[in-house]
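Visitor: Before anything else, here's the structure in question.
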Amino acid sequence: MHFDIKPPKHGGDLKKWFRKTNGAAKTWLDLSSACNREPWPIPNIPMQEWHELPDQDALYHAAQEYFHVQPIVIGSGSQQFIEALPTFFSANASIESNAQKVVKVPLIGYQEHAFAWKKWGFRVESYRTVEELIDSTWFAAVIINPNNPTGECLSSDVLSQLLSQIEKREEDSSSSDVSDECHLIIDEAFMDATPEQSLLFTQAEQIERSNVWVMRSVGKFFGLPGARIGFLFAAEKYANSINNLIGPWPVSTPALYLVEQALKDIKWQESARASLAKRHDYFWQIIRPKLNTVFDSQSVTANALFYTWQLESQQDAERAFDWLQSVGVHVRQGESWIRVALPALSEMDRLDKSLIRLIRGEGGKDLS
């Protein structure tokens, strides 16, 4: 095991900046986490929810209604499954054996995936496009759909080819020879705004019979990252082993109650999707041109909950990150890219005025 490697950085870290700036960041507009800035409204939590051990049964039923497929595990966010799967596949293997197993991860994407596999000694290799996975050999391939931070969505044609590849490998492999195993892992953390594109909607039967794993969570669309609840979908044959690995009570009783209510709130979900469309229209017309100027780039991609600009260099990204902070706007900086969460409608005017100040040089930075 390799647990001494440096972990990835994350957005949603405004409290860290509070400490770093001696409280100055308290007034910043935090667009760093890409969680819904118009989150599901938290109701009152019945007092008994704090006094009872967690029972996940009600949430399992609500999840089946919402996803149209029942998860095999409910855990502490999709992050728990990112950690659990390499552990699960390492249960009867040595580090030397893991080093022979290739795990493909996106070059640009949520870096915890690569980090988790590396900790257990797997041979992690990056790919630039999902098409590179077709007809190549790997033990596991991770796809982030839609991708974070690029916003790229997996095409149905490529997905069909990968699923056929999985089935063929399963047919060709011996039941006693794990060296021919092939697992497709799809992180759908940003899928809730477009549920019709989910593998759960289009390929539910194959998930139930193949080595296909799908992760979902309530952190992004519902804006509930603090609830720490995720769902793992896979063949039923894996349910006992994964649940035993995770252990009892991975999620608190109040969180189970809240997320059950959120999944049942169809009216809010419909309203949220309509609001996202309205906010995107405003952002594209009013905010995007100003950010194009700040970043000196029009290379922008989008998802339901964020926009990402590709910049010329890491130095450009660092400079733009500092510029935005100088006018009280906190975003997510990556390797030569900047991701900006879609603001709430009530935050658009504030962001617009901050960008005008920055472009005019009132933030203490020279954009010329």
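The values are calculated or read from the model by the stated rules, or taken from the named source; none is laboratory data. If you're wondering where the values come from, they're calculated on a predicted model, not measured in any experiment. Here the Cβ positions follow ideal geometry from the backbone for every residue, glycine too, while neighbour counts run over all protein chains shown. Just so you know, the surface numbers come from the protein's heavy atoms only, side chains and all, with ligands and any DNA or RNA stripped out. Shrake-Rupley method; radii C 1.70, N 1.55, O 1.52, S 1.80 Å.
Visitor: Which of the residues spanning region 24-62 are among the hydrophobic types (A, V, I, L, M, F, W, C), assigned to a helix (DSSP H, G or I) and at pLDDT 95 or above?
Guide: Answer for region 24-62, where residues must be among the hydrophobic types (A, V, I, L, M, F, W, C), assigned to a helix (DSSP H, G or I) and at pLDDT 95 or above: Met47, Trp50, Ala58, Leu59, Ala62.
Visitor: Further question on the same structure: Please work out which residue is most open to solvent (accessible area, probe 1.4 Å), limiting yourself to region 169-196 and to residues that are of a type in the set (D, E, K, R) and at pLDDT below 85.
Guide: The extreme case among them is Glu171.
Visitor: I would also like to ask the following. Output the residues belonging to region 41-60 that are free of Cβ contacts under 8 Å to residues at least 24 places away in the same chain and either among the polar types (S, T, N, Q) or within 24 Å of Leu232 (Cβ to Cβ) (or both).
Guide: Across region 41-60, the qualifying residues are Asn44, Gln48, Asp57, Tyr60.
Visitor: Test each condition in (1) over 20 Å from Arg216 (Cβ atoms); (2) in a helix (DSSP H, G or I) for Ala93 and report the one that comes out false.
Guide: (2) is the only condition that Ala93 fails.
Visitor: Let me ask another. Would you call Gln100 under 21 Å from Ser210 (Cα atoms), open to solvent by 30 Å² or more (accessible area, probe 1.4 Å) and either within 22 Å of the chain's Cα centre (by Cα) or not hydroxyl-bearing (Ser, Thr, Tyr) (or both)?
Guide: no
Visitor: Could you figure out which of (1) closer than 18 Å to Glu188 by Cβ; (2) touching a Phe, Trp or Tyr at 6+ places or on another chain (Cβ under 9 Å); (3) surrounded by fewer than 21 Cβ atoms within 10 Å (Cβ to Cβ) isn't true of Gln64?
Guide: (2)
Visitor: Yes or no: Asp135 at pLDDT below 95, outside any loop (DSSP other than H, G, I, E, B) and open to solvent by 70 Å² or more (accessible area, probe 1.4 Å)?
Guide: Details: at pLDDT below 95: yes; outside any loop (DSSP other than H, G, I, E, B): no; open to solvent by 70 Å² or more (accessible area, probe 1.4 Å): yes.
Answer is no for this residue.
Visitor: When you scan region 6-37, how many residues do you find that are open to solvent by less than 60 Å² (accessible area, probe 1.4 Å) and either within 27 Å of Phe115 (Cβ to Cβ) or of a type in the set (Asp, Glu) (or both)?
Guide: 14
Visitor: Right, next: Taking region 265-312, which residues are within 16 Å of Val331 (Cα to Cα) and of a type in the set (A, V, I, L, M, F, W, C)?
Guide: Phe283, Ile287, Leu291, Val294, Phe295, Val300, Ala302, Leu305, Phe306, Trp309, Leu311, listed by residue number.
Visitor: Related question: Just to be sure I understand, how many residues within region 148-168 are in contact (Cβ under 8 Å) with a residue 60 or more places away in the chain and either of a type in the set (Gly, Ala, Ser) or open to solvent by 10 Å² or more (accessible area, probe 1.4 Å) (or both)?
Guide: Result for region 148-168: 4.
Visitor: From Lys278, Lys353, Lys267, which residue is basic (Lys, Arg), over 28 Å from Lys15 (Cα atoms), without any contact (Cβ under 8 Å) to a residue 60 or more places away in the chain and open to solvent by 30 Å² or more (accessible area, probe 1.4 Å)?
Guide: Values: Lys278 fails: without any contact (Cβ under 8 Å) to a residue 60 or more places away in the chain; Lys353 fails: over 28 Å from Lys15 (Cα atoms).
On inspection, the qualifying residue turns out to be Lys267.
Visitor: Regarding region 217-235, can at least one residue be identified that is of a type in the set (Gly, Ala, Ser), open to solvent by 50 Å² or more (accessible area, probe 1.4 Å), assigned to a helix (DSSP H, G or I) and touching a residue at least 24 places away in the same chain (Cβ under 8 Å)?
Guide: no
Visitor: Still on this structure, I have one more. Would you confirm, using the coordinates I've provided, whether Ile242 is under 24 Å from the mean Cα position of the chain (by Cα) and open to solvent by less than 20 Å² (accessible area, probe 1.4 Å)?
Guide: Numbers: under 24 Å from the mean Cα position of the chain (by Cα): yes; open to solvent by less than 20 Å² (accessible area, probe 1.4 Å): yes.
Taking the combined requirement at face value, the residue satisfies it.
Visitor: Somewhere in region 318-326, is a residue at pLDDT 95 or above, more than 30 Å from Gln80 (Cα to Cα) and exposed (fewer than 14 other Cβ atoms within 10 Å of the Cβ)?
Guide: yes
Visitor: Quick one: count up the residues across region 281-294 that are more than 20 Å from Cys35 (Cα to Cα) and open to solvent by 10 Å² or more (accessible area, probe 1.4 Å).
Guide: Residues that pass the stated criteria total 6.
Visitor: Let me confirm something: among Val105, Val69, which residue is aliphatic (A, V, I, L, M), in a loop (DSSP other than H, G, I, E, B) and open to solvent by less than 50 Å² (accessible area, probe 1.4 Å)?
Guide: Just one listed residue meets the conditions, Val69.
Visitor: Within region 228-249, is even one residue closer than 30 Å to Glu52 by Cβ and hydroxyl-bearing (Ser, Thr, Tyr)?
Guide: yes
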